Amino acid sequence: MAAKLFSPFRLRGIELKNRIVVSPMCEYSSQDGFANDWHLVHLGSRAVGGASLIIFEATGVSPEARITPDDLGIWKDEHIEGLKRITSFLEAHGSVSGIQLAHAGRKASTYSPWTGEGAVPENLGWQTVAPSAIPFSDTYPLPVALDQEGIQKVIDDFRTATQRSLAAGFKVIEIHAAHGYLLHQFCSPLSNQRTDEYGGSYENRIRLLLEVTEAVREVLPADLPLFVRISATDWTEGGWTLEDSIALANILKTKGVDLIDASTGGNVPQAKIPVGPGYQVEFAERIKQEAGIPTGAVGIITNAQQAEAILENNQADLIFMAREFLRDPYFPLHAAQDLGVDVEWPVQYQRAKRVK
């Protein structure tokens, strides 16, 4: 029997050639949000390596949506050309291009990991926003609680970013509602202490995510898929839970969302997360089974046999990989050999293909 990891998977009008997805990975290598040669080589090598879907890193829908001053952006038309150069290359090498649209909220205006910690100086940073004026930690900026005008701007920014993404050649849109960024901040009672229609009850806390989803789906063609990345749990008492996530997935399914990318954590710094191989797979499985929606599994998935087992056990539909792709841009080609599957190699590399 052929390995399920290398079976095709269709979502709306897009067919993926296998189940291996390059998960969004912040590269902190942009100036003023522009994509450059680093992004071309970083992402292009994963297309040459055989990934079916490559999702670009968390991309700011506005300047203030960036995590750091070095983040990729899509808040102005000038960003389109550089992104299109990369999506065209990926498509030419058999990969579908996806983009993760993001707003960092209270976790914005901070240093890139290798340049410093916490908030950047005023001359480099900007005023952060959040559902409530609660900083992520003592070293992070104090955010301003969004008013109605600010909330509407967020919705409009996601809509416009989707339109620019289509012009840049993206075929999959992923809304980032995980890891303690703005949309997750609204969903979780740990970060949302509002008393208006965007706070308090579960229905109110998920309202902004639903409105963003509706705005994105409104301008996204019917034949192109929409993903939402969520943190399925805050790993903290009194926070967002798996049961909340299952209920959310059931609602998102009715809003035209095609897949839940199930990650966890990131909203509070003191969370105790039991990190280990496949530690988040159970969340993708529960959401898939109880909400009846395709899911992507992510989190320390590092080898072909592990990925194949997840699919064979019907725990998820796609395998999202990040760090393993940093170690091995050609993971799909090597995984195929490990599983005894004959896949097409780039003609330039065929003389290196092992023959068994």
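Could you please find all residues in region 269-278 being surrounded by fewer than 14 Cβ atoms within 10 Å (Cβ to Cβ) and either touching a strand residue (DSSP E or B) at 6+ places or on another chain (Cβ under 8 Å) or not small (Gly, Ala, Ser) (or both)? First the steps, then the outcome.
Restricting attention to region 269-278, the residues satisfying the condition of being surrounded by fewer than 14 Cβ atoms within 10 Å (Cβ to Cβ) are 269-270, 272, 274-277.
Matches in region 269-278: Pro269, Gln270, Lys272, Pro274, Val275, Pro277.
Residues being acidic (Asp, Glu), within 20 Å of the chain's Cα centre (by Cα) and surrounded by fewer than 18 Cβ atoms within 10 Å (Cβ to Cβ): count how many of those fall in region 71-106. Give the steps one after another, and end with the answer.
Within region 71-106, the first condition is being acidic (Asp, Glu), and the residues that meet it are 71, 77-78, 81, 91.
Next, only the ones that are within 20 Å of the chain's Cα centre (by Cα) stay: 71, 91.
Retained after the next criterion (residues that are surrounded by fewer than 18 Cβ atoms within 10 Å (Cβ to Cβ)): 91.
Number of matching residues: 1.
Say whether the condition of being more than 16 Å from Glu174 (Cβ to Cβ), hydrophobic (A, V, I, L, M, F, W, C) and at pLDDT 95 or above is met by at least one residue in region 53-66.
No - not one qualifying residue is present in region 53-66.
Kindly evaluate Lys17 against the criterion of being out of contact with any strand residue (DSSP E or B) (no Cβ under 9 Å at 6 or more places or on another chain), surrounded by fewer than 21 Cβ atoms within 10 Å (Cβ to Cβ), of a type in the set (Lys, Arg) and in contact (Cβ under 8 Å) with a residue 40 or more places away in the chain.
Judged against the criteria, Lys17 is not a match.
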- [ ] Output the residues belonging to region 144-201 that are among the hydrophobic types (A, V, I, L, M, F, W, C), within 18 Å of the chain's Cα centre (by Cα) and part of a helix (DSSP H, G or I).
- [x] Val154, Ile155, Phe158, Ala161, Leu166, Leu182, Leu183, Phe186, Cys187
TODO: Only strands (runs of 3 or more DSSP E) wholly contained in region 1-66 count here; list those with 2 or more residues that are among the β-branched types (Val, Ile, Thr) and under 23 Å from Ala335 (Cα atoms).
DONE: 20-22, 53-60
Open item on the list: Looking at Leu220, Leu226, can you tell me which residue is in contact with a Ser or Thr (Cβ under 8 Å, 6 or more places away or on another chain) and either hydroxyl-bearing (Ser, Thr, Tyr) or over 28 Å from Glu282 (Cβ atoms) (or both)?
Closed with: Leu220
Open item on the list: Just to be sure before I move on: is Asn267 of a type outside the set (Lys, Arg), touching a helix residue (DSSP H, G or I) at 6+ places or on another chain (Cβ under 8 Å) and part of a helix (DSSP H, G or I) in the structure I sent?
Closed with: no
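Would you check which residues across region 279-306 are at negative phi, small (Gly, Ala, Ser) and surrounded by fewer than 21 Cβ atoms within 10 Å (Cβ to Cβ) and list them?
Step one: list which residues in region 279-306 are at negative phi, which gives 279-291, 293-298, 301-306.
Pick out the ones that are also small (Gly, Ala, Ser) and you get 284, 291, 296-297, 304.
Matches in region 279-306: Ala291 only.
What residue, of Thr236, Thr213, is touching a Leu at 6+ places or on another chain (Cβ under 8 Å), modelled with pLDDT of 95 or more, in a helix (DSSP H, G or I) and hydroxyl-bearing (Ser, Thr, Tyr)?
Working: Thr236 fails: in a helix (DSSP H, G or I).
Thr213 is the lone residue from the list that is touching a Leu at 6+ places or on another chain (Cβ under 8 Å), modelled with pLDDT of 95 or more, in a helix (DSSP H, G or I) and hydroxyl-bearing (Ser, Thr, Tyr).
Does Pro346 count as closer than 24 Å to Leu259 by Cβ and touching a helix residue (DSSP H, G or I) at 6+ places or on another chain (Cβ under 8 Å)? So that I can check it myself, show each step before the final result.
Numbers: closer than 24 Å to Leu259 by Cβ: no; touching a helix residue (DSSP H, G or I) at 6+ places or on another chain (Cβ under 8 Å): yes.
The answer is no for Pro346.
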Task: Filter result (more than 19 Å from the chain's Cα centre (by Cα) and aromatic (Phe, Trp, Tyr)) within region 323-339 - done: Tyr330, Phe331
TODO: Check Asp244 against each of (1) outside any helix (DSSP H, G or I); (2) at pLDDT 95 or above; (3) not β-branched (Val, Ile, Thr) and name the one condition it does not meet.
DONE: (1)
Task: Subset of region 307-318 (residues that are crowded, with 16+ Cβ neighbours inside 10 Å and either within 11 Å of Asp261 (Cβ to Cβ) or of a type in the set (S, T, N, Q) (or both)) - done: Gln315, Ala316, Asp317, Leu318
TODO: Spot the failing condition for Arg229; the list is (1) free of Cβ contacts under 8 Å to residues at least 24 places away in the same chain; (2) among the basic types (Lys, Arg); (3) crowded, with 23+ Cβ neighbours inside 10 Å, and only one is missed.
DONE: (1)
Open item on the list: Can you tell me which of (1) over 24 Å from His103 (Cα atoms); (2) surrounded by 16 or more Cβ atoms within 10 Å (Cβ to Cβ) is the one Gly265 doesn't meet?
Closed with: (1)
Task: Matching residues, region 179-204, being among the charged types (D, E, K, R) and either touching a strand residue (DSSP E or B) at 6+ places or on another chain (Cβ under 9 Å) or closer than 26 Å to Ser23 by Cβ (or both) - done: Arg194
TODO: Examine region 314-336 for a residue that is hydroxyl-bearing (Ser, Thr, Tyr) and closer than 29 Å to Leu209 by Cβ, and state whether such a residue exists.
DONE: no
Open item on the list: Pull out all pairs, ordered by first then second residue, where Cβ-Cβ is under 8 Å, the residues are six or more apart or on different chains, the first lies in region 234-248 and is within 16 Å of Asn192 (Cβ to Cβ), and the second is modelled with pLDDT under 95 and surrounded by fewer than 16 Cβ atoms within 10 Å (Cβ to Cβ).
Closed with: Thr236/Gln270
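The values are calculated or read from the model by the stated rules, or taken from the named source; none is laboratory data. From a predicted model like this one, the values you see are computed outputs, not experimental measurements. Cβ coordinates were reconstructed from backbone atoms using ideal geometry, including for glycine residues, and neighbour counts include every protein chain displayed.
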